[in-house]
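Read the structure below first, then the notes.
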Amino acid sequence: MAQGTVSYFLGGFNGSGQNTSDNNPDKDLAGRFVFAPFTATDDFWLKGLQMAGDVTWGNQGSFRTARGRMEARVPNRFEYFARQPAQGNRTRVGGDLAWVIGPASFKFEYDEEIDHRDGLGPGGSDLDSVKAKGWYVSGTYLLTGEERVLNGPVIPRRPFNPIADRVGLGAWELGVRFAELKFSSDDPVNFFDGNLSKIPGGGSSAENGAKALTLGVNWYLNEHVRAMLNWTNYWYDNWLGTPFSCPTTCTAANLRSRDDTFWEILSRLQVWF
């Protein structure tokens, strides 16, 4: 096969995260396979097509599950599904497709995480796993005509770089994305704080998830600097678990809103070398 058509990655890891010390005698195993069948061709329509799949598996001992949070990375970042106590195996699988055609790009990704809860039920019984399932589809288009490169930076035709005495418009790009992330289990969960003795709303379980629509604009001043502005609207599956539902764990007495939607505007300046 042509160079770059197939690539794969295999790894074994300590701990349960980046820069984390080893916390049990087991190890996490991870693998990723990437297939780009037309990358070495001159086919305008297909040379930017790439498909990939990945998997991780490991026995985590005692740990916390995945969580659902809003996109804004601020100190009071809202969690619509808190980490749940877990114990045993954690398995993550996913697949993605990326397609670049001239100034346009398209991407789809699906991921699933299964966190076991061995011995955490009444009398040391096993609870059903917590499952996190998410996907998104996104598209972008460069209004200023630059060509998108698969796994590469956008290089403006007329960069804005006053230091080099270049004061062009840079590259301007529009983007749209729709995403969904859901959390569930056949046994009780508590989206608020994971405490199964205090279920929000007084029910036997409290699941939650969210859908999000994002519209954005990117300004690539030059190949090293990008400014971003995004508007995102969220739709929550459980109206008890939104930023405005309750100040603490939801009860009939402290409900503030039954609105299951919320929106935010985010800006970011990114510099890379």
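The values are calculated or read from the model by the stated rules, or taken from the named source; none is laboratory data. On a predicted model such as this, the values are computed, not experimentally measured, just so you know. Neighbour counts are summed over all protein chains in view; Cβ atoms, including those assigned to glycine, are modelled from backbone coordinates with ideal geometry. Ligands, DNA and RNA are excluded from the accessible area calculation, which covers all protein heavy atoms including side chains. Shrake-Rupley method; radii C 1.70, N 1.55, O 1.52, S 1.80 Å.
Structure above, values below:
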item: Yes/no for VAL55 being open to solvent by 60 Å² or more (accessible area, probe 1.4 Å), of a type in the set (A, V, I, L, M, F, W, C) and either within 15 Å of the chain's Cα centre (by Cα) or modelled with pLDDT under 90 (or both); result: no
item: Which numbered condition GLU173 misses (of (1) modelled with pLDDT of 95 or more; (2) under 22 Å from VAL271 (Cβ atoms); (3) surrounded by fewer than 16 Cβ atoms within 10 Å (Cβ to Cβ)); result: (3)
item: THR39 vs. criteria in a strand (DSSP E or B) and farther than 18 Å from TRP263 by Cα; result: no
item: Region 24-45 - residue that is loosely packed, with under 14 Cβ neighbours inside 10 Å and hydrophobic (A, V, I, L, M, F, W, C) and, of those, farthest from VAL100 (Cα to Cα); result: LEU29
item: Residue in region 154-167 that is acidic (Asp, Glu) and either closer than 11 Å to ASN222 by Cα or out of contact with any Pro (no Cβ under 7 Å at 6 or more places or on another chain) (or both) present; result: yes
item: Residue in region 58-77 that is farthest from ALA212 (Cα to Cα), counting only those that are outside any strand (DSSP E or B) and either of a type in the set (Val, Ile, Thr) or open to solvent by less than 50 Å² (accessible area, probe 1.4 Å) (or both); result: THR65
item: Only listed residue being on the phi > 0 side of the Ramachandran plot, assigned to a strand (DSSP E or B) and open to solvent by less than 30 Å² (accessible area, probe 1.4 Å), chosen from GLY139, GLY134, GLY95, GLY88; result: GLY88
item: Selection status of TYR8, in contact with a Lys or Arg (Cβ under 7 Å, 6 or more places away or on another chain) and either over 25 Å from TRP235 (Cβ atoms) or not in a loop (DSSP other than H, G, I, E, B) (or both); result: yes
item: PHE183 being among the hydrophobic types (A, V, I, L, M, F, W, C), closer than 30 Å to ASN218 by Cα and open to solvent by less than 80 Å² (accessible area, probe 1.4 Å); result: no
item: Matching option when the condition is of a type outside the set (Asp, Glu), open to solvent by less than 40 Å² (accessible area, probe 1.4 Å) and assigned to a loop (DSSP other than H, G, I, E, B), among GLY194, GLY216; result: GLY194
